[in-house]
Amino acid sequence: MSTDSFNNDSDFLLLTGCTGLLGRYLLKDLLQLEIPLAVLVRPTRRQSASDRVENMLASWEQQLKQQLPRPHVIESDLSEESLGLSTEAEEWVKTHCSSVLHNAASLSFVSGPRDAEPWKTNLTGTENLLKFCRDTEIRNFHHVSTAYVCGARQGTIYENELDEGQTLSNDYEWSKLEAEKLIRSAEFLDSQTIYRPSIIVGDSENGFTTTFHGFYAALQLAYVVSKGLKQLPGDHQDLQFRVTLDGTEDKNLVPVDWVSSFISYTVSQQQLHNQTYHLTPQNPVTTQTIMNVLTSVNNTGDFTQLVGAETHVENPNEFERMFYENMQVYSSYWKNDPQFDTSNTREAAPHLPCPSMDEDMMMMLAKAAVDMEFRWRDLPVRTEAGITG
Ligand SMILES: NC(=O)c1ccc[n+]([C@@H]2O[C@H](COP(=O)([O-])OP(=O)(O)OC[C@H]3O[C@@H](n4cnc5c(N)ncnc54)[C@H](OP(=O)(O)O)[C@@H]3O)[C@@H](O)[C@H]2O)c1
């Protein structure tokens, strides 16, 4: 595929958050598009930034049966001043990078003070990155936001809308809204391209995922409950598992591979920049479909029932109590989604429609997560520092 945004070898794109779920797909897709890439990566206690990237690429190469080019790896924490970069690293970026794709974020839904997550990375980190772009003369900013900057609004949400005085459901949404506003107000930028995915789930081809939030958290809890039930003596005739939903609520789930291919394509096509894109499915799934999948995968259909969104579960049994306590963090999403207008997205890439998020797709995603036992680690690889992973 031809790219018109990156014309020579010293025209690098600087990517943040490449070690996350979406980031690892962006890393692979952008490298496959032959876009010269530099990545800002945090080291962990056990691994250097370079080793983390090497491990991920080794996994991709094994899966794709194809070698990939290597990005320029820079160790960095966005929440630190100057992103924690040495003067040398900053000079390198100034010489080589013309654009940034800011994908890193904290997905913590827990409320905290402004110097804690999710504010520390999502707002202070974005502020630090913007200042860094101004200092290093990076003028093209691509930003991964979220469709849920619309907060608790209902009805149709348009791509050109942002702050409509809406109530935000949690600090994560709030920090993402503030970050998007900050980017839009950065006058030194030549272009600001905003991508707003809804709820990201695994790969539409094979169900692969590295994180297990939202839908997966509900699936995992149902899985644990069903295992607990199998160990109970008796036939569990009286048991009930009451779910406080109508079944008609819409949820907007999108597969990670599609989100990444849309973003990578758009980054590569200059005429598509300076726009906002809702990355949401053509048809949302209903909570009834999600329930069908959860009960079918876990074999809990006999005693699970949707009892209506307005119902309060009286005298919850031990399984219901465990489920609701653990799902508390997602309580603001336990409702109908609004309708996301996707005019810009459909017009920009008619050849890249979102795969159909139907019951078969949801079953495949759920089975893959159960097969993975709700965890993932890259394969260890041999580097100069020894075996890592
Ligand atoms: N997942 C969803 O359902 C969803 C929906 C809508 C929008 N989004 C947006 O999509 C983007 C990617 O999300 P994801 O699901 O791929 O998240 P993820 O798997 O949790 O990955 C987050 C990435 O950000 C990096 N990061 C976090 N804090 C950082 C810091 N202070 N300095 C440097 N790097 C930092 C993480 O690095 P480490 O590996 O070092 O932790 C990781 O690479 C985010 O902007 C998110 O807001 C996600």
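Laboratory data are not the source of any read-out in this text; all were calculated from the coordinates shown. On a predicted model such as this, the values are computed, not experimentally measured, just so you know. Cβ placement follows ideal geometry from the backbone for every residue including glycine, while neighbour counts extend to all protein chains displayed.
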Let me check against my output: what whole-number percent is the relative contact order of region 92-213, with C-alpha pairs under 8 Å and at least 6 apart? 30
Sort all Cα-Cα distances of region 71-139 into consecutive 10 angstrom bins from zero, then give the percent of pairs in each bin up to the one containing the longest distance. 20, 51, 23, 6
Estimate the FRET efficiency between Lys230 and Arg153 by the formula 1/(1 + (r/R0)^6), using the beta-carbon distance for r and 56 Å for R0, to the nearest 0.05. 0.85
Would you order Val110, Val149 from fewest to most other beta-carbon atoms within 10 Å of each residue's own beta-carbon? Val110, Val149
State the extension gain, in nm to one decimal, for the chain segment bounded by Asp115 and Gln66, taking 0.36 nm per residue of separation less the distance between their alpha-carbons. 13.4 nm
Taking just the alpha-carbon atoms of region 186-343, what radius of gyration and Dmax come out, in angstrom? 19.4, 69
Spin-label pair Gln240/Ser343, simplified geometry with 7 Å Cα→Cβ offset, distance in nm: 4.7
If I model a spin label at Glu318 and Asn283 as a point 7 Å from the Cα along the Cα→Cβ vector, what separation in nanometres do I get? 4.2
Where nothing but the Cβ of Lys and Arg (+1) and of Asp and Glu (-1) is charged, how large is the charge dipole of the chain around its Cα centre, in debye to the nearest 20? 620
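Quick one: Kirkwood hydrodynamic radius for the chain, alpha-carbon pairs, angstrom, one decimal?
It is 22.1 Å.
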If Thr126, Thr210 are placed from fewest to most neighbouring beta carbons inside 10 Å, the sequence is Thr210, Thr126
Compactness relative to 2.2 N^0.38 Å, alpha carbon Rg of region 52-186: 1.21
If N is the residue count of region 132-196, its Cα Rg over 2.2 N^0.38 Å rounds to 1.19
Looking at the chain, send over the antiparallel percent of its DSSP beta bridges, to the nearest 5. 15
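Normalised by the number of residues in the chain, what is the relative contact order in percent for Cα pairs under 8 Å and 6+ residues apart?
It comes to 20 percent, rounded to a whole number.
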Taking the dipole of the chain about the Cα centre (Lys, Arg +1; Asp, Glu -1; charges at Cβ), the one of His273, Leu294, His142 that reaches farthest to the positive side is Leu294
Against the rule of thumb 2.2 N^0.38 Å, how large the Cα Rg of region 184-276 comes out: 1.69
With charges only on Cβ, +1 for K and R and -1 for D and E, what is the dipole size of region 191-293 about its Cα centre, in debye, rounded to 20? 180
So how compact is region 4-128: Cα radius of gyration and Dmax in angstrom? 14.9, 46
Give me the net charge of Val293's neighbourhood, meaning all other residues with Cβ under 14 Å from the Cβ of Val293; Lys, Arg count +1, Asp, Glu -1. -1
Between Met363, Met322, Met291, which gets the highest mean-square fluctuation from a Gaussian network model of the chain, Cα cutoff 10 Å? Met322
Reach of Lys131 by Cα under 23 Å, taken over lysines that are not fewer than 8 positions away in the same chain: Lys94, Lys120, Lys176, Lys181
Work out, step by step, the length gained on full extension between Ala186 and Glu325: first 0.36 nm times the residue separation, then minus their alpha carbon distance; give nm to one decimal. 45.9 nm
Which whole-angstrom value gives the distance between the alpha carbon centres of region 198-233 and region 251-287? 24
Report the relative contact order of region 267-387, percent, no decimals, based on alpha-carbon pairs under 8 angstrom and at least 6 residues apart. 47
About the Cα centre, charge dipole magnitude for region 1-104 (Lys/Arg +1, Asp/Glu -1 at Cβ), debye: 520
Charge dipole of region 81-129 about the Cα centre (unit charges at C-beta), most positive-ward option of Leu107, Cys97, Gly125: Leu107
Cα-based Rg and Dmax for region 273-362, in Å, come out at 17.5, 54
Expressed in Å to one decimal, the Kirkwood Rh of region 131-240 from all distinct alpha-carbon pairs is 17.8
With each pseudo-label sitting 7 Å past Cα toward Cβ, what's the Trp376-Asp135 distance in nm, one decimal? 3.4
Taking the alpha-carbon centroid of each part, what is the distance from region 78-100 to region 128-148 in angstrom? 12
